[in-house]
Structure formats: C-alpha cells, structure tokens
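What follows is a single structure, written as structure tokens, with notes after it.
Every read-out reported here was derived from the displayed coordinates using simple, explicitly stated rules and does not represent laboratory data. Remember, it's a predicted structure, so these values are computed and weren't measured experimentally. Positions of Cβ are generated from backbone atoms using ideal geometry, with glycine treated the same way; all protein chains shown enter the neighbour counts.
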Amino acid sequence: MRIVLASGNPGKIREIQALLAPYGVRILPQTAFATPEIEETAPTFIENALTKARNAARYAGLPALADDSGLEVEALNGAPGVYSARYAGPGADDALNNAKLLEALTGLEEKDRGARFRCVLVFVRHPYDPSPLIAEGTWEGVITTQPRGEGGFGYDPLFYLPELGRTSAQLAAEEKNRLSHRGKALQRLLELWGNR
Ligand code: ITT
C-alpha cells in the first residue's frame, strides 16, 4: 500500500516511517507532491488532523495519513495542547518552545509538573472519504527543569519518564516508538485497518 504522509515535521515522518516499515506500507512525504501546508486553525487535534489528511490526499491522489499531536501540561490547564508547535509564537522552533515551557513552570515541584503527550492519527482513503479512521494515543510524564538527551524532537528533552529515569530524548528510537503516544495511536490504527 502507498500512503502520503500529511506532515512537514521531519521528527514525525521518521517515527511514522519506522513504525509502519514492518507492515509493507510505503510512506511518501507530502512534499513529494508539492502539497502546500494548510493552516491548522481548529481547536481540536481531530479536526486539524482531518484537515491535513484531506489536503494531502487531494494533492497526492493517494490515501493519506495525518498526525496532529501536542503536549498537555496539567499546571497550564492543558496548554500548549493543539498550539504545541507554535507555543512561543508563529515560526517558533523547538528550542524557543522548550524555553517558554520551562519559564512557565518556574518554581513548581516535580509533583506539580505532570504532562501528557497526545497524538491523533487520521487516515482517509481519498479527499472526500466520509468515514475516516481515527486513532488516538497518550503518554504520561513529567516536565524536567533542564533539557536532557539528543534524540526525538520537539519537547522530548523536557519530557521525563520517572519509571525509566530518562527523558524521551534519551530513549533509543525503537524504545520511544514502543512507548509513545504516536506508537500507541499507530497500533490502534493498525487494528482499525485490520477490521476494515
Ligand atoms: P505537521 O502539522 O506538518 O505534521 P507540526 O509540528 O506543525 O507538523 P503539530 O501541529 O501536530 O505538527 O504539532 C505537534 C507539536 O507537538 C510538535 O511540533 C512538537 O512540538 C510537539 N510534539 C508532538 N509529538 C511529539 C513528540 O513525540 N515528541 C516531542 N514533541 C512532540
């Protein structure tokens, strides 16, 4: 099966390609079809993922998979949430977003620094698919006070897993994929594919 991946985020693309490699699914990036990025204006992960998936399917003429994801911090009432990619402003990079998050949590003890990654995957067979497949996964952790680790992307250097004693940026790629919000969402999507 050939699928277009509706993402411009190299970290996501790498993880999803690795997760789907054993299943004979060939993932093509939407850039291969000169797909313009579409604005993510909706307040929910599902709506944004659906918009991205339909947009990519339209340009590629292929089934499309989109990932909308983010970090929900308890002390910030779920922020940055759907705004995770641009938490520090339009065009913000990972370093600026991470610095803003550390600043926002200044002075809070570990017990008050709980957070959760959330990933929503949406699969459409074509741009007007009336019954998209939707799969979700979450991952619980704690926001550290200093970045640690070189792996992953985004907020990974700040996402500490107390049971492992490491941040998600300190995990091997396979280990992160086995445990992560994205890995869990992909497992559910594979179940939905199997049932279709
Ligand atoms: P696309 O829409 O092109 O896929 P994006 O980065 O704009 O890329 P999102 O709007 O879904 O995607 O934002 C997701 C953000 O949430 C991402 O930029 C990271 O800051 C954060 N994030 C999501 N999953 C993550 C992960 O596994 N590790 C670290 N940060 C993650």
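Could you pull out the chymotrypsin sites (Phe, Trp or Tyr not before Pro) across the range 102-184 that fall in loop regions by DSSP (anything but H, G, I, E, B) with no more than 14 other Cβ atoms inside 10 Å?
When the chymotrypsin sites (Phe, Trp or Tyr not before Pro) of the range 102-184 are filtered for loop state and at most 14 Cβ neighbours within 10 Å, Tyr128 remain.
Compute the distance from the alpha-carbon center of the range 1-56 to that of the range 59-114, in whole Å.
19 Å
I want to check a number: in the chain, how many lysine pairs have alpha carbons closer than 19 Å, given a sequence separation of 8 or more or different chains?
Step by step, the pairs that qualify in the chain add up to 4.
What ranking do 140-148, 79-87, 48-56 get when scored by the average of other Cβ atoms within 10 Å per residue, highest first?
48-56, 79-87, 140-148
Can you tell which of Leu105, Leu171, Gly91 lies farthest toward the positive end of the dipole of the range 81-194, using +1 and -1 charges on the Cβ of basic and acidic side chains (Lys, Arg; Asp, Glu)?
Gly91
What percent of all Cα-Cα pairs in the range 52-196 falls into each 10 Å bin, going from 0 up to the bin containing the maximum distance?
12, 37, 32, 16, 4, 0
Might you report the magnitude of the Cβ-based charge dipole of the chain about its Cα centre, with Lys and Arg at +1 and Asp and Glu at -1, to the nearest 20 debye?
Roughly 720 debye for the chain.
Under a Cβ-only charge scheme (Lys and Arg +1, Asp and Glu -1), can you give me the dipole magnitude of the range 96-196 about the Cα centre, in debye to the nearest 20?
So the magnitude is around 280 debye.
Once a ≥ b ≥ c are taken as the square roots of the eigenvalues of the Cα gyration tensor of the range 69-112, is the result rounded (a/c under 1.5), prolate (a/b larger than b/c) or oblate (a/b not larger than b/c)?
oblate
Within the range 141-179, report the GluC sites (Glu not before Pro) that DSSP leaves as loop and that have at most 14 other Cβ atoms within 10 Å. Write down the numbers at each step before the final one.
On the way: sites: Glu150, Glu163, Glu174, Glu175; in loops: Glu150, Glu163.
In loop regions of the range 141-179 (DSSP not H, G, I, E or B), the sparsely surrounded GluC sites (Glu not before Pro) are Glu150, Glu163.
Can you give me the three principal axis dimensions of the range 134-185 from its C-alpha atoms, in Å, biggest first?
Largest first, the range 134-185 extends 34, 20, 19 Å along its Cα principal axes.
Kindly identify the range 22-103 as rounded, prolate or oblate by the Cα gyration tensor criterion: order the square roots of the eigenvalues as a ≥ b ≥ c, call it rounded if a/c is under 1.5, otherwise compare a/b with b/c, prolate if a/b is larger, else oblate.
Numbers: a/c = 2.14, a/b = 2.07, b/c = 1.03.
Prolate.
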